[in-house]
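Student: Provided herewith is a single structure, encoded as structure tokens, for subsequent inquiry.
Values in this text are rule-based calculations from the coordinates and carry no lab data. Remember, predicted model here, so these are calculated numbers, not experimental data. For neighbour counting, all protein chains shown are included, and Cβ atoms are generated from backbone atoms with ideal geometry for every residue, glycine included.
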Amino acid sequence: MAHSAEARARELGLEIPDYSNPPYGGRYGSSLRAFHRTGDLLELSGITPESRSGELLHPGSVDVDISLDQAREAARYTAVNALGMIRYALGSLDEVAALSRGLCFVLCPPGFTRLNEVSNAASDLLFDVFGPEVGRMGRASIGATALSRNACFELWLSLECRPRPSSE
């Protein structure tokens, strides 16, 4: 029996946001869009630990304003938001064939080296939902001295989708 990411998300009790209501966009610039699909490649716009109403979870710099545990919680929340964006783009988490790349930005002071510990919280959540075949991805974690709106974490995710049905 094939692994269902939708079923696993339900089992985990995840509250995945609905990005279609209200539609994504507008708050941060009219030139932005939620995602771009070309063929079987889907690239999501940068996602932060932000509620649909715009409230950030644990804003600030890791090890300065917030703890490592708070940053990990925010990274996990960001991954759940990414699931909502995937649903918005594809209709179902089960349309994901493979996660490709996760680029993680962590707001932190110079010299902070535990970036992977923050990013692991996002990667691990995605792995738990999608399983070892689909949910294992390449990832980079980059320390940033500033992120928009003082978000402590931002994720830029690329993935492979199941092919669209041919329109014959």
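Student: Sort the following peptides by mean Cβ neighbour count (other Cβ atoms within 10 Å, averaged over residues), highest first: 138-149, 67-78. Show your work: numbers first, answer last.
Tutor: Numbers: 138-149: 14.2, 67-78: 21.5.
By packing density, highest mean first, the sequence is 67-78, 138-149.
Student: Mean shadow of segment 106-168, computed from the convex hull of its alpha carbons, in nm²? Please report the intermediate quantities before stating the final value.
Tutor: Details: hull surface 24.6 nm².
That works out to 6.2 nm², a quarter of the Cα hull's surface.
Student: Let me ask something additional. Using a/c under 1.5 as the rounded threshold, could you call segment 11-94 rounded, prolate or oblate? The axes a ≥ b ≥ c are square roots of the C-alpha gyration tensor eigenvalues, and prolate needs a/b larger than b/c, oblate otherwise.
Tutor: Working: a/c = 1.95, a/b = 1.49, b/c = 1.30.
Prolate is the answer for segment 11-94, as a/c is 1.5 or above and a/b outweighs b/c.
Student: Using alpha carbon coordinates only, what is the Rg to Rh ratio of segment 52-117, with Rh defined as the Kirkwood radius? The partial results should precede the final answer.
Tutor: Numbers: Rg = 14.2 Å, Rh = 13.6 Å.
A ratio of 1.04.
Student: Using just the helices of the chain, give the 222 nm mean residue ellipticity in deg cm²/dmol: DSSP H runs with n ≥ 4 each add -39,500 (n - 2.57), and the total is spread over all residues, rounded to 500.
Tutor: Numbers: 3 runs with 50 residues, N = 168.
Mean residue ellipticity at 222 nm (helix-derived): -10000 deg cm²/dmol.
Student: Sum up the charges of everything whose Cβ sits under 10 Å from the Cβ of Ser92, counting Lys and Arg as +1 and Asp and Glu as -1, but leave Ser92 out.
Tutor: Working: positive: Arg87, Arg162; negative: Glu6, Asp94, Glu95.
Spelling it out: positives minus negatives among the neighbours equals -1.
Student: Could I ask something else about it? What are the extents of the Cα atoms of the chain along their three principal axes, listed from largest to smallest and rounded to whole Å?
Tutor: Answer, in whole Å and largest first: 56, 37, 27 Å.
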